[in-house]
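Right, one structure below, let's go through it.
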Amino acid sequence: MTIQIEIRQNSYFDSVKLMYVSSTLRNIEGVKQAMVAMGTSTNKEIYTELGVVDANLDLVNVNDLIIGIEAQDSTTFDYAFEQMEKLLSNQHTGSSKSAACRTLDEALVETPDANLCVISVPGQHARYEAEKALMKGLHVHLFSDNVSIEDEVALKRLASEKGLLCMGPDCGVSNINGISLLVGSITAKGPIGIIGATGAGIQQIAALIDQAGSGVTQVIGTGGRDLRDEIGGITMLAAFEALENDNDTEVIVIVSRKPGDRCLSKILARIADCRKPVVCNLMGCDSKIIESSGAVSAENLEETAIKALGQIQVPYPMAYDQDETTRIAEAACKKMSEKQKYVRGLFCSGTFCDEAIGVMTPLLGDIHTNIGSGKEVGSSHVNDSRRNIIIDFGEEDFTQGRPHPVLDPETRRRAIIGITEDEGAAVLLMDFILGPAVHPDPVGAVLEDIRIAKQIVSERGGHLSVVASVCGTDKDPQKRSLQEKALIDNEVIVVPSNVQASVLASKIISLRQGDNE
Amino acid sequence: MKQKLEELFDSELVIINVGIELFGSAIASQNVQVTQVQWKPPAGGDQEMIDILKDLGGI
């Protein structure tokens, strides 16, 4: 066994890059452990827990790179080390200006006509960097999380004073002027403007609108907390006014988890004054209260897309068909063994996981999960028998030191074959998310595992029904239609939305449990 | 608010990306001009020093 620790002083790389490098090294056969990370106190603790003893470890700071690789022999170690060097030196530039700017000021000298600053630094530095950008007159798209409420309010107030937009903190998805920002999809231009506090939510709505043949003017992410009373919907209201004044926007869609009571009143009053039709998906709010403002209320993401399209008389060709769903569910059930009665949901997106739970709970009773207030399932419980279980692989348990599953499918991939250990598993429910910044082939990354899982169940006389939805468009680099075809070619049932996938999975489980009563 | 946001909606995006390179690269792949800032924590991440430097206007 060859173990080596190397410390490189003043050699900073961003966390996504390092998590990708570490993850790639761990996947090399013969590599037992690999962690390439900056010298933060958390990372130093992890190295210590891994048994690393190095006197210099205490001396490193956040700008120092710590490389730790353990391999079965020196040949494997040398190969892994060489791969690491290649990955670290491989710049993700593609940028038209790749000059080595160290500060925003230097970047502004290079690009004096810049109009938007994307910021993804660690949370404790986010306010400082975002303030600098706003003071320079740039709109801000702030991906960083772990930003305090106080800092968020300060940034959004500053943006408001300057007439600028502060999307975020914790904002991963927007589409401005047809350009996908961060982990969003590329969508067609059209007359619908979307503002939302849930990234995958606004991405799903925009993608379904695109798939129905229409498009969006802007998709504006606000960050998840914007409609809390402490923030007061500052970004939502600014974006709302801009879309109302935008000549190309005919319909405004707003999406959020349940707003604070005071903020809800403010939003509804603003909607009541709006000259354009507004479709609202404010989760957990009474639809009658929403409709009292003149808005159209929608219960889920797909219904939001359908109702927005309805405002501009564009039909939705992918609508839910109850007869077809029943037919598919009955066909799936015929091949199952007597023990198969439960759903296993393996999700990348917390929003889709949450939506699936919302759809399935009234149909199937309690769903056991690792998210939300009722969470009681840990990462080790994926294969728990006799229960319906839905897991969000984007949760902290699964992402410590690893990229989010939309970037790195490995953790979720490993769970696919694992679900076959439990003979109760009848349906595997999955989401797939596309876009320029996410994994280049999220379906391809898991197909072999799906094939093996199906084969294992088939060999013991059952049938594993795999139900999936793909959130994205044909303009995304992965192409939605190709990703869906790859799934269909491998006997995966593909439906247009996460809601339809959840309904179909519930239907199969209801039939299975009915059969066994 | 109206004016600067309307300006943004009517303009080509020109982006400065501070932080994760992957995001800058994904935006640049859509034929958008992106300038990458090779950001690293100021003052070696020493919060006390950062606060002092901020007060002095040194960062």
Notebook entry, point to check: Per residue of A:107-118, what is the mean number of Cβ atoms on other protein chains within 10 angstrom of that residue's Cβ?
Noted result: 6
Next item on the list: At 7 Å along the Cα-to-beta-carbon direction for both residue A:448 and residue A:335, put a label point, then send me their distance in nm to one decimal.
Entry: 2.2
Next item on the list: Could you list, in their original order, any pairs among A:17/A:475; A:266/A:307; A:189/B:4; A:189/A:507; A:17/A:44; A:454/A:475 whose Cα atoms are separated by more than 28 Å?
Entry: A:189/A:507; A:454/A:475
Note to self: 5 Å is the cut-off here: which amide hydrogens, built 1.01 Å from N in the peptide plane, fall below it relative to residue A:228, excluding neighbours closer than 5 in sequence?
What the structure shows: A:233, A:260
Next item on the list: Output the relative contact order of chain A, whole-number percent, from Cα pairs under 8 angstrom with separation of 6+ residues.
Entry: 11
Notebook entry, point to check: Between region B:17-59 and region A:459-517, what's the alpha-carbon centroid distance in Å?
Noted result: 41
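Tell me, rounded to the nearest percent, the portion of alpha carbon pairs in chain A spaced more than 33 Å apart. Numbers along the way, then the final one.
Numbers: 58542 of 133386 pairs.
Counting pairs separated by more than 33 Å, the tail of P(r) holds 44 percent.
Counting pairs of alpha carbon atoms under 8 Å apart in space and at least six apart in sequence, what relative contact order in percent does region A:412-517 give? Show your work: numbers first, answer last.
Details: 139 pairs, mean separation 32.0, N = 106.
Computed over region A:412-517, the figure is 30 percent.
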Note to self: Could you give each residue of region A:491-504 its phi-based ³J(HN,Hα) in whole Hz, using Karplus coefficients 6.51, -1.76, 1.60 with θ = phi - 60°, and x for Gly or Pro?
What the structure shows: 6, 8, 7, 10, 10, x, 9, 5, 5, 5, 4, 5, 5, 5
Notebook entry, point to check: Tell me, what is the FRET efficiency for residue A:265 and residue A:327 to the nearest 0.05, using R0 = 35 angstrom and their Cβ-Cβ distance as r?
Noted result: 0.15
Notebook entry, point to check: Listed highest first by mean packing, meaning other Cβ atoms within 10 Å per residue, what order do B:30-43, A:146-159 come in?
Noted result: B:30-43, A:146-159
Checklist line | Long-range HN-HN contacts of residue A:189 with modeled amide H, under 5 Å | finding: A:216
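Regarding region A:345-496, what is the average projected area of its C-alpha convex hull, in nm²?
Details: hull surface 34.5 nm².
Hull-based average projected area comes out at 8.6 nm².
Give the average, rounded to an integer, of partner chain Cβ atoms located within 10 angstrom of each Cβ in B:41-49.
Values: counts 10, 5, 3, 8, 12, 2, 2, 0, 0.
Counting other chains' Cβ atoms within 10 Å and averaging over B:41-49 gives 5.
Can you give the Kirkwood hydrodynamic radius for region A:127-238, in Å, rounded to one decimal and based on Cα pairs? Please report the intermediate quantities before stating the final value.
On the way: mean 1/r = 0.0718 Å⁻¹.
One over the average 1/r among Cα pairs gives 13.9 Å for region A:127-238.
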Next item on the list: Take the alpha carbon atoms of region A:256-332, find their center, do the same for region A:148-176, and report the distance between the two centers in whole angstrom.
Entry: 25
Notebook entry, point to check: To the nearest 0.05, what FRET efficiency results for residue B:11 and residue B:53 with a Förster distance of 35 Å applied to their C-beta separation?
Noted result: 0.55
Note to self: If the reach is capped at under 12 angstrom between alpha carbons, list the aspartates and glutamates near residue A:341, excluding any in the same chain fewer than eight residues apart.
What the structure shows: A:422, A:423, A:515, A:517
Notebook entry, point to check: Under a plain spin-label model, where a point goes 7 Å from the Cα along Cα-to-Cβ, how far apart in nm are residue A:510 and residue A:136?
Noted result: 5.6
Checklist line | Under the Karplus curve 6.51 cos²θ - 1.76 cosθ + 1.60, θ = phi - 60°, whole-Hz ³J(HN,Hα) for region A:263-275, x wherever Gly or Pro sits | finding: 5, 4, 4, 4, 5, 5, 5, 5, 4, 4, 8, 7, 7
Margin query: Quick one: 3J(HN,Hα) in Hz for region A:438-448, Karplus 6.51/-1.76/1.60 with θ = phi - 60°, rounded, Gly and Pro as x.
Written below: 9, 4, x, 8, x, 6, x, 5, 10, 4, 4
Next item on the list: Taking the dipole about the Cα centre of the protein assembly as shown, with the C-beta of Lys and Arg at +1 and of Asp and Glu at -1, give me whichever of A:309, A:271, A:168 is farthest to the positive side.
Entry: A:309
Next item on the list: Give the percent of DSSP beta bridges with both residues in the protein assembly as shown that are antiparallel, rounded to the nearest 5.
Entry: 25
Check: How about residue A:32: which aspartates and glutamates have a C-alpha closer than 12 Å to its C-alpha, ignoring those fewer than 8 places off in the same chain?
Finding: A:70, A:73
Check: Using mean Cβ contacts within 10 Å as the protection proxy, how do A:55-65, A:235-245, A:314-324 order, highest first?
Finding: A:235-245, A:55-65, A:314-324
Note to self: Skipping prolines and chain starts, which residues have an amide H placed within reach, meaning under 5 Å, of the one on residue A:11, given they are 5 or more residues away or on another chain?
What the structure shows: A:64, A:65
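Of all DSSP beta bridges in region A:77-192, what percent run antiparallel (nearest 5)?
Values: 4 of 10 bridges.
Expressed as a percentage, antiparallel bridges in region A:77-192 total about 40.
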Checklist line | Separation of alpha-carbon centers, region A:56-76 and region A:18-52, rounded to whole Å | finding: 8
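Which order, highest average first, do A:200-212, A:437-449, B:16-28 follow once you tally other Cβ atoms within 10 Å for each residue and take the mean per peptide? Each step should come with its number before you reach the end.
Values: A:200-212: 28.4, A:437-449: 19.4, B:16-28: 25.5.
The most tightly packed comes first, giving A:200-212, B:16-28, A:437-449.
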Check: Along the principal axes of its C-alpha atoms, what lengths does region A:199-332 span, in descending order and rounded to whole Å?
Finding: 51, 31, 26
Notebook entry, point to check: What value, in deg cm²/dmol to 500, does the helix sum -39500 (n - 2.57) over DSSP H runs of n ≥ 4 give at 222 nm once divided by the residues of chain A?
Noted result: -12500 deg cm²/dmol
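Laboratory data are not the source of any read-out in this text; all were calculated from the coordinates shown. All values derive from a computational prediction rather than experimental measurement. Note that each Cβ is placed from the backbone with ideal geometry, even for glycine, and that neighbours are counted across all protein chains shown.
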